[in-house]
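**Student:** Dumping the structure here so I can ask a few things about it.
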Amino acid sequence: MLPLLAAATASALLMIALWLRHVAYLPGRTDIRLGLISGSAFYIYLASQRPAWLLPLVLAGPVACNRSLKAGFELPLRRPVTDAGVAVILLTAGLTGYIWPHDAMAARLYDGLALYLFCEPLGLMILKWSDDMVEGRRRLRVALIGISAIIGPVVAIGTATGSGETAATIGAALTLTLSFIVSAFAPRLLNTWRAPPITPSSTPALDAREQKILGRLRALMATDEAFRDPALTLSSLARRLEVPEHRLRRIIHLGEGGRNFSLYLNSYRIAAIKAALETDEDITILALALEAGYNSLSAFNRAFMASEGVTPTAYRRARMAARTANPIAATEPAPDTTTAVKAT
């Protein structure tokens, strides 16, 4: 039964991956497609005579699935080079543990790391639940991610306990079920996940009362600089504005283009830090990060890298070099970007 079920599942995943090529404005589309292709490779491997050429892709599959799940819900991703290193460890441990020389310690390392990679997105979804500004995606999260988050651990635990074929059969059935759900509700799912960038000036979906709340929100963030509070959460921000949390979530999503509360906060914090870097060459980056509301330098570095693509130190060095090369431009005031919230 497993070969037939695995072949059907592999075909369904490949079809969805190909279909996503034509879907615009889907967050994490590349990572999602890679995860689908990796899952398809795993089930092709099970359905066939387990070809050796496909084994490396199968062994590295947990990394692709991890990134796919996190990208689909806009959860924090590791740097690609870090995940590439994890994939190398998986390949080495998997080949050593299960192919040759069948080292038990390497096999346990592979199983444990694979299980962690499958379970990590589920933990992040729980921890970052309130961050998600897309209401429809929050409602669908339980059903869709509940199934997909179970698939990986089931297969990993089954492999580790010697029940690999049974676990793979259950995983294939669950994956095929998830594929049918995606196919049946594709338009609704796309409306939930996909959204073109929304500019702060384009808020047609907000009513008059919500427009007023949006104005108060922008004043609170840009003028009062509420974002500098390291303990600021969506709930505390809603209390300060005296509005229900679900209403504020809708206003941030539709009025500011924010899809994730942490990224929404980061847009203000990083804009303030960039402005300070333009004018103050003596203050330390740690002091700027703490003043802007970050609890640690590492958290700020990750956020800055995700936003700007370079480290804060490299950004400051480049700005200093630019001012040295063009002293006239250096005397011009830096643009005010604190209210230009990025579409997240």
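**Student:** Testing residue 99 on (1) surrounded by fewer than 16 Cβ atoms within 10 Å (Cβ to Cβ); (2) in contact (Cβ under 8 Å) with a residue 12 or more places away in the chain; (3) under 13 Å from residue 70 (Cα atoms), one condition comes back false. Which one is that?
**Tutor:** If we test residue 99 against (1) surrounded by fewer than 16 Cβ atoms within 10 Å (Cβ to Cβ); (2) in contact (Cβ under 8 Å) with a residue 12 or more places away in the chain; (3) under 13 Å from residue 70 (Cα atoms), just (3) comes out false.
**Student:** Further question: Mind checking which residues of the stretch 58-69 are under 24 Å from residue 139 (Cβ atoms) and either at pLDDT below 90 or surrounded by fewer than 22 Cβ atoms within 10 Å (Cβ to Cβ) (or both)?
**Tutor:** The answer is 69, and nothing else.
Here's the yes/no breakdown for (1) of a type in the set (Phe, Trp, Tyr); (2) over 22 Å from residue 2 (Cα atoms):
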residue	(1), (2)
49	no, no
52	no, no
62	no, no
69	no, yes
81	no, yes
89	no, yes
98	yes, no
108	no, yes
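**Student:** Hey, among the residues in the stretch 121-134 that are surrounded by 14 or more Cβ atoms within 10 Å (Cβ to Cβ) and part of a helix (DSSP H, G or I), which one's modelled with the lowest pLDDT?
**Tutor:** First, pick out the residues of the stretch 121-134 that are surrounded by 14 or more Cβ atoms within 10 Å (Cβ to Cβ): 121-122, 124-125, 128, 130-134.
Within this subset, residues satisfying the condition of being part of a helix (DSSP H, G or I) are 121-122, 124-125, 130-131.
Numbers: 121: 87, 122: 82, 124: 87, 125: 83, 130: 79, 131: 85.
In this case the residue turns out to be 130.
**Student:** Being in contact with a strand residue (DSSP E or B) (Cβ under 6 Å, 6 or more places away or on another chain), surrounded by 16 or more Cβ atoms within 10 Å (Cβ to Cβ), under 19 Å from residue 29 (Cα atoms) and not acidic (Asp, Glu) narrows it down to one residue among 78, 138; which is it? If you could, list the steps in order and put the result at the bottom.
**Tutor:** On the way: 78 fails: in contact with a strand residue (DSSP E or B) (Cβ under 6 Å, 6 or more places away or on another chain).
On inspection, the qualifying residue turns out to be 138.
**Student:** Does residue 269 meet the test of being within 20 Å of the chain's Cα centre (by Cα) and under 12 Å from residue 228 (Cα atoms)? Steps first, please.
**Tutor:** Details: within 20 Å of the chain's Cα centre (by Cα): yes; under 12 Å from residue 228 (Cα atoms): yes.
Answer is yes for this residue.
**Student:** To continue, here is another question. Sort out which residues of the stretch 20-57 are surrounded by fewer than 20 Cβ atoms within 10 Å (Cβ to Cβ) and touching a residue at least 60 places away in the same chain (Cβ under 8 Å), and write them in order of number.
**Tutor:** Once the filter is applied, which keeps residues that are surrounded by fewer than 20 Cβ atoms within 10 Å (Cβ to Cβ) and touching a residue at least 60 places away in the same chain (Cβ under 8 Å), the stretch 20-57 yields 23, 24, 25, 26, 27.
**Student:** Quick one: would you say residue 253 is surrounded by fewer than 21 Cβ atoms within 10 Å (Cβ to Cβ), more than 22 Å from residue 311 (Cβ to Cβ) and of a type outside the set (S, T, N, Q)? Full working, then the answer.
**Tutor:** Values: surrounded by fewer than 21 Cβ atoms within 10 Å (Cβ to Cβ): no; more than 22 Å from residue 311 (Cβ to Cβ): yes; of a type outside the set (S, T, N, Q): yes.
For residue 253, the condition - surrounded by fewer than 21 Cβ atoms within 10 Å (Cβ to Cβ), more than 22 Å from residue 311 (Cβ to Cβ) and of a type outside the set (S, T, N, Q) - is not met.
The values are calculated or read from the model by the stated rules, or taken from the named source; none is laboratory data. Just so you know, these numbers come straight off a predicted model, no measurement behind them. For neighbour counting, all protein chains shown are included, and Cβ atoms are generated from backbone atoms with ideal geometry for every residue, glycine included.
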